[in-house]
Amino acid sequence: MQGKGVLNNRISEYVFTQLATIGIPTHFVRSLSMREQLVRAVEIIPVEVVIRNIAAGSICKRLGLEEGTPLPRAIVEYYYKDDALGDPMVGEEHITAFGWAQDFEMDEIIHMALRINDFLSGLFTGIGIKLVDFKLEFGRFYTEEHVQIILADEISPDGCRLWDMKTNEKLDKDRFRRDLGGEIEAYQEVARRMGVLPSADIRDIAEGENRKKRKG
Ligand code: UDP
């Protein structure tokens, strides 16, 4: 999809920078180009952390909920990162028993995940978007003195469900998953509302970058 990488890069950079202002440690260092970021190398914890505010996607199938039902409170779920197994859902018991993360690391992860959810729910509300659910990944960052759990990966419409506040229009990867079309327009709309949409047309930027790459 022409331009999606550029949009996700911008959106993720903006979100990670905002999270840093409330003291969430992240791997983001700085942007290098339209499609590249300099990040801290982490030892990734092989668990996808999903936070849900409104029922959608797999929780609806699993528990027979109607899509769009507000959840009584934010729910945190874990999925073991293993493509061959299809990223199965796991509990904290599995994570600590198999040593994917330790108890104290899980405490930090849950605490950070809920803070991130509170902050991002507000950030998206401010631009007329409901944060339905999203996925986070964390990693261990080693310095000479200590090890720290920090937020890694990306936060973009590829890993979040974002619905327009008024119309419930989907502004995320479900446009692709459910064959709705208009993916780039939706991602552009999120970037525009955040105030991080590149001024040039996104497809021109993508084409220019591709041309540069072909020239080597
Ligand atoms: N998600 C993700 N990567 C995955 C699985 C899920 O980013 O490998 C995100 C997805 O975009 C959604 C949330 O996690 O925002 C919850 O996804 P769900 O469990 O409902 O699964 P899905 O419907 O995506 O299969």
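Treating each Cα of the chain as an identical point scatterer and ignoring solvent, apply the Debye formula and state log10 I(q)/I(0) at q = 0.19 Å⁻¹. With one equal scatterer per Cα and no solvent, log10 I(q)/I(0) is -1.54.
Once the 1.4 Å probe is applied to the protein heavy atoms, the chain comes out at 52 Å² accessible per residue.
The distance between label points at H94 and N168 comes to 3.1 nm (points 7 Å beyond Cα on the Cα→Cβ vector).
Given contacts defined as C-alpha pairs under 8 Å and at least six residues apart, what's the relative contact order of segment 52-173, whole-number percent?
Numbers: 152 pairs, mean separation 21.3, N = 122.
Taking the mean separation of contacting Cα pairs over the length of segment 52-173, I get 17 percent.
Would you work out the relative contact order for segment 27-82, in percent, from Cα pairs under 8 angstrom that are 6 or more residues apart?
Working: 70 pairs, mean separation 18.4, N = 56.
Over segment 27-82, the number comes to 33 percent.
Computed extension length for L63-Y142: 24.5 nm, one decimal, from 0.36 nm per residue of separation with the Cα-Cα distance subtracted. For the chain, which whole-number percentage of the solvent-accessible area (1.4 Å probe, protein heavy atoms only) is attributable to carbon and sulfur atoms? Answer for the chain is 51 percent, counting heavy atoms of protein chains only.
Where a ≥ b ≥ c are the square roots of the eigenvalues of the C-alpha gyration tensor, would you call segment 119-216 rounded, which needs a/c under 1.5, or, failing that, prolate if a/b is larger than b/c, or oblate?
It comes out oblate by the Cα gyration axes.
Computed over the chain with a Gaussian network model linking Cα atoms closer than 10 Å, the most mobile of D158, D118, D82 is D82.
Exceedance of the 21 Å cut-off in Cα-Cα distance is limited, within the set K61/K135; K173/K213; K4/K166; K173/K212; K135/K166; K135/K170, to K173/K213; K4/K166; K173/K212; K135/K166. Applying 1/(1 + (r/R0)^6) with r as the Cβ-Cβ distance of R203 and S33 and R0 = 25 angstrom yields a FRET efficiency of 0.90. Once the dipole of segment 1-107 is set up with Lys and Arg at +1 and Asp and Glu at -1 on Cβ about the Cα centre, which of N53, Y78, Q102 lies farthest towards its positive end? Highest projection toward the positive end goes to N53. The charge dipole of the chain, taken about its Cα centre with unit charges on the Cβ atoms of Lys, Arg (+1), Asp and Glu (-1) only, comes to about 980 debye.
The values are calculated or read from the model by the stated rules, or taken from the named source; none is laboratory data. Note that this is a predicted model, so its numbers are computed, not measured. Note that we place each Cβ from the backbone using ideal geometry, even for glycine, and neighbour counts take in every protein chain shown. Just the protein is used for accessible areas: all its heavy atoms, side chains included, with ligands, DNA and RNA removed. Shrake-Rupley method; radii C 1.70, N 1.55, O 1.52, S 1.80 Å.
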